[in-house]
Protein chains: 2
Amino acid sequence: MIVLDPARLEAAMRRFAAIVGEDHVWRDDAARHGYKDAMAPRDAMSYAPRGAVAPANVEEVQAIVRVAGEMGIPLWPISRGKNFGYGGSAPRFGEVVMLDLVRMNRILEVNVEHGYVVLEPGVSFDDLYTYLVESRIPLWMSAAAHTWGSVLGNALERGVGYTPYGEHASKVCGLEVVTGTGELLRTGMGALDGARTWQMFPYGFGPSWDAAFMQSNFGIVTRMGLWLMPEPEHTLNLAMKFDRPEDLPLGVEALRPLKLDGTVQANPSFGNIIRNLAVRAPRSEYYQGTGPIPASVLDDARVRTGVGHWNFSIRLFGDKAINTINAEKVKRAFSALPYQFEVSEWNRGEPLRGSGSPTPSLAALGVVDWLGGPGGHLTFSPVSPFSGAEAWEQYTTIRGMYEDAGFDYYGGFTAGQRYLNHISMILFNRDDAEMTGRANALFSSLIETAARRGWGEYRTHTLFYDEVARTYGYNNGALRRWNETVKDAVDPHGIIAPGKMGIWPRAYREAQA
Amino acid sequence: MIVLDPARLEAAMRRFAAIVGEDHVWRDDAARHGYKDAMAPRDAMSYAPRGAVAPANVEEVQAIVRVAGEMGIPLWPISRGKNFGYGGSAPRFGEVVMLDLVRMNRILEVNVEHGYVVLEPGVSFDDLYTYLVESRIPLWMSAAAHTWGSVLGNALERGVGYTPYGEHASKVCGLEVVTGTGELLRTGMGALDGARTWQMFPYGFGPSWDAAFMQSNFGIVTRMGLWLMPEPEHTLNLAMKFDRPEDLPLGVEALRPLKLDGTVQANPSFGNIIRNLAVRAPRSEYYQGTGPIPASVLDDARVRTGVGHWNFSIRLFGDKAINTINAEKVKRAFSALPYQFEVSEWNRGEPLRGSGSPTPSLAALGVVDWLGGPGGHLTFSPVSPFSGAEAWEQYTTIRGMYEDAGFDYYGGFTAGQRYLNHISMILFNRDDAEMTGRANALFSSLIETAARRGWGEYRTHTLFYDEVARTYGYNNGALRRWNETVKDAVDPHGIIAPGKMGIWPRAYREAQA
């Protein structure tokens, strides 16, 4: 690994301070360690950066990038750094300076007529929610499970929410990007001065770049257009619990045609029993033994608490008359299963809680305390075909590996239109070195086993970027080599997030070789 | 411009022939001129290539690219070459060898369960339609107005159809690409060997590339996954005619919320009177004078033929009960206009013609004979915000320019979710040098005027690539320079479609400088 020369770093930090002011540059240990992943599997393996700088605006970002390029100081940009389960704010390795964009937190435009917002990296879901509600704007955001993270950062990492706009990456329209040479780029129609359709027409003229700046280190995104959903007249929620693990395939098959033909626009998620028990109480309330909770204990807890082995809800958003018809269609589709839907409705004008519009919440973070002690988690996210048989194979394979390694399987399948994101979490006690070692080893095995079966991850933890990137090995890693070719061209100094998603600038590749 | 050395070209053609066989390499004038745009505005300005080579499979494409790179022979790839109005099969300039992919015409997979097809560049809409119908596969394609073109080529050029899957580029999932160095690349999940979700999960791990290979010369796409729509139970068509030009803004405003909230999933198109008269008879049936047809004559023709000044239909695809409700919603939305919808329905099992599933047709090509004589056309395609006022401003501005230049305004607005593609055609007689000169001059003025108002084109004719690309001039052409930086990196020999969309390899930029 390339190590930063202390004198050069010091000189760069002084120049950064001249750009952003002394108050927005940090070198002290507390600040540095604050960027580490609070939920990493091994303390030693979540890196503290060498320092941090927090610009207030895009001109400062450009100036920082120019200095960094000139002095060879790699930057690790973050929006709000809440990418928990995938590394939080932590860089891939310590020899970088954080480029913390949290101060750039303006909502620059909300357009009700055309249904979009333009925002900076520091805007959280909470900020956006508050703004929309307080300004009585009839647009709904879609949000991640916990809402203090960045709207922009989440979309760029291809986060998923639960409304019809829940595939956030697909709702991005138009980016402003600072390049590796400090230039300002606007994608899509924004490349035309005075463009009237930057946030409306997602393609532009020539190659489209928005999706290539996602999960990417080709540039630093400083502004994003995002489509928001017009507030619906009505939502109708159909909640169901399955008693048995083996009900999953039938559920997936029932949902598949409804997602494929658009009857269900949102992204329902089949969450397993532990995902539901964990938000209620720590593990010790259910089981005091070591190793994975036995099936019989889980079944007792299921009956006692009233959760299902799989729990999911299908929420319909739209006009009441149509939701009512589609609800019957959904019920028919699931009629082969011996369960009933619990139905609830929301009408425009009623309080938003319960509507399906995400409201501020950090509840999802509580699950990391499942084991007691300082909880950590690592999220494993392979994509499954939208098929009962293949989801079942993936579930039994991965659950088996969790349990063989002594962990509870905490997971679920979130439905896209033609795929399932199978998201499971290894929950562990970070004070327990043996356990964190097992978590690490399990994670590596999961990556390898999944790849052998043709299941690729859609996202991964910072610490496992290279391992996952290597699984995308078609034609001797043609796609990774392509990405690196582009990286070297557009970021000639190799200063933007080196190693992100396994994409390393030339100097690092040579140093590693 | 860089001119190819005849001896080097001859040597390359011999090597190409060794790869594909003598029968699939052409140098004769008839073949060369056959690639020119049959509808170009100036004969001398549609270039004939120096030769052509037609590979049968991807290995041959790779071999050709390697030879081309080694010998410095630029290639101009086409799928079926039917991109009429935008240059057809013609290259940007003559000093290239066509890479004609028409022989690669396999439908490699049709997946009914997951709703996708995998196909090669030579597969036409007609081929796909025939395959689906003859195999009784309950999936519908979306198609361009005329159906002999390539499904793959049309999607890559961001062509638009009229079903809910009509924004073809957004339905692409997973590409196989031959790079400028002859390597094989698979995008998205295809980068994982044995991937199970290549055509299901559109993003992959890390930067997504599909959209950057559209309207692009970064690589040669040899295989594409494309989502198809499950056959609906029912379609319901609501057709309306407006008597007056000035009804357009109210129509646009009525449609906007219906597209925004997803009530209308397909892409309705407001087509003007001449677009409708032209498919019925040549211009001389309506008017024998020179210059644009006077408003009063048009109005007489409107009354006599029963077409509207604007004609459009909103087709609903889905379950009958839901289409019925949504039809009432559409009617209410348009109730401020003094016209009635003409309603027609289709039920699954009835003959497809009239269903909204596109059936093979070349009728749209007939319009080029509007003026009599060998018709040419040039298509001008700015994007408009989805707003009555802005569409009206764009319409009046552009129509005024057509008429000032002595041309009829033949055009319409096709609705995306948040934008309108305003597509108009300059129809001219290619034997009339004065008229083709006026057509050229008008086109350049349209580009310039539109850009000044913030209206960018989403697509343009080969001959106008540079002019349109220059309008995307934000920050001294930052996006174009970015594209060229990438181009130089991924196509170091500068051999794939030099100049496409205004993206020139380094050697050409230097030669032009």
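Rule-based calculations on the coordinates, nothing more; no lab input. All values derive from a computational prediction rather than experimental measurement. Neighbour counts are summed over all protein chains in view; Cβ atoms, including those assigned to glycine, are modelled from backbone coordinates with ideal geometry.
Data table
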| item | result |
| --- | --- |
| Hydrodynamic radius of the protein assembly as shown per Kirkwood, over alpha carbon pairs, in Å | 29.9 Å |
| Within straight-line cross-link reach of residue A:320, lysines at Cα separation under 16 Å, skipping those fewer than 8 residues along the same chain | A:329, B:329 |
| Whole-number D in µm² s⁻¹ for region A:126-173, Kirkwood Cα-pair radius fed into Stokes-Einstein, 10 °C, 1.306 mPa s | 145 µm²/s |
| Projected-area average for chain A over all orientations - Cα convex hull basis, square nanometres | 23.8 nm² |
| Centre separation in Å (Cα based) which lies between region B:178-255 and region A:15-30 | 45 Å |
| Region A:363-433, Cα convex hull volume normalised per residue, Å³ | 81 Å³ |
| Order by protection proxy (mean Cβ within 10 Å, highest first), peptides B:99-110, A:363-374, B:128-139 | B:99-110, A:363-374, B:128-139 |
| Simple Cβ-charge dipole of chain A, Lys/Arg +1 and Asp/Glu -1, about Cα centre, in debye nearest 20 | 520 debye |
| 20 °C / 1.002 mPa s Stokes-Einstein diffusion coefficient of region B:213-279, Kirkwood radius on C-alpha pairs, µm²/s | 134 µm²/s |
| Region A:172-327: Rg to Rh, with Rh as the Kirkwood radius over Cα pairs | 1.15 |
| Candidates per GluC sites (Glu not before Pro) in region A:427-489, loop by DSSP, up to 12 other Cβ within 10 Å | none |
| Teacher prompt: residue A:108 distances to equivalent labels in other copies, 7 Å Cα→Cβ, nm | 4.0 |
| Chain B residue with Cβ closest to the axis mapping B onto A, distance in whole Å | B:489, 2 |
| Phi to ³J(HN,Hα) by Karplus 6.51 cos²θ - 1.76 cosθ + 1.60 over region A:330-345, Hz, x for Gly, Pro | 4, 4, 4, 5, 9, 6, 6, 8, x, 9, 10, 7, 9, 9, 9, 10 |
| Cα gyration tensor, region A:24-101 - rounded (a/c under 1.5), prolate or oblate | prolate |
| Calculated from backbone phi, Karplus (6.51, -1.76, 1.60) coupling profile of region A:443-459 in Hz, x at Gly/Pro | 4, 4, 5, 4, 4, 5, 5, 4, 4, 4, 9, x, 9, x, 7, 8, 5 |
| B:150, B:357, B:313 arranged by Cβ crowding within 10 Å, fewest neighbours leading | B:313, B:357, B:150 |
| Relative packing of A:159-170, B:247-258, A:18-29, which averages over residues the other C-beta atoms within 10 Å, highest first | A:159-170, B:247-258, A:18-29 |
| Alpha-carbon Rg/Rh ratio, for region B:82-201, with Rh computed the Kirkwood way | 0.97 |
| Net charge over other residues, Cβ less than 15 angstrom from the Cβ of residue A:305 (K, R count +1; D, E count -1) | +2 |
| Footprinting exposure proxy for B:482, A:310 (fewest neighbouring C-beta atoms within 10 Å first) | B:482, A:310 |
| Helix-only [θ]222 nm of chain B, DSSP H runs n ≥ 4, -39500 (n - 2.57) each, per residue, nearest 500 | -9500 deg cm²/dmol |
| Base-10 log of normalised Debye intensity for region B:363-505 (one unit scatterer per alpha-carbon) at q = 0.19 Å⁻¹ | -1.14 |
| Likely footprinting exposure, B:193, A:491, fewest C-beta neighbours within 10 Å first | B:193, A:491 |
| Mean separation of Cα contacts under 8 Å (6+ apart) over length of region B:363-424, as relative contact order % | 36 percent |
| Relative contact order computed over region B:410-513 (Cα-Cα under 8 Å; 6+ residues apart), in percent | 16 percent |
| C-alpha center-to-center spacing [region A:329-406, region B:146-165] in angstrom | 37 Å |
| Kirkwood Rh (inverse of mean 1/r, distinct Cα pairs), region B:418-458, angstrom | 11.6 Å |
| Links that overshoot a 27 Å alpha carbon limit, given the list A:82/B:487; A:36/A:259; A:241/A:500; A:487/B:500 | A:82/B:487; A:36/A:259; A:241/A:500 |
| Under Karplus coefficients 6.51, -1.76 and 1.60, residue-wise ³J(HN,Hα) of region A:278-292 in Hz, glycine/proline x | 5, 7, 9, 6, x, 3, 4, 5, 9, 7, 10, x, 9, x, x |
| P(r) of region B:434-513 over all Cα-Cα pairs, binned every 10 Å from zero, in whole percent | 17, 45, 29, 9, 0 |
| Cα-Cα pairs of region B:242-398 separated by more than 18 Å (percent) | 66 percent |
| Relative contact order [Cα under 8 Å, 6+ residues apart], chain A, whole percent | 17 percent |
| DSSP-defined antiparallel bridges as percent of all bridges, the protein assembly as shown, nearest 5 | 90 percent |
| Cβ-derived FRET efficiency at R0 45 Å, residue B:112 paired with residue A:300, nearest 0.05 | 0.60 |
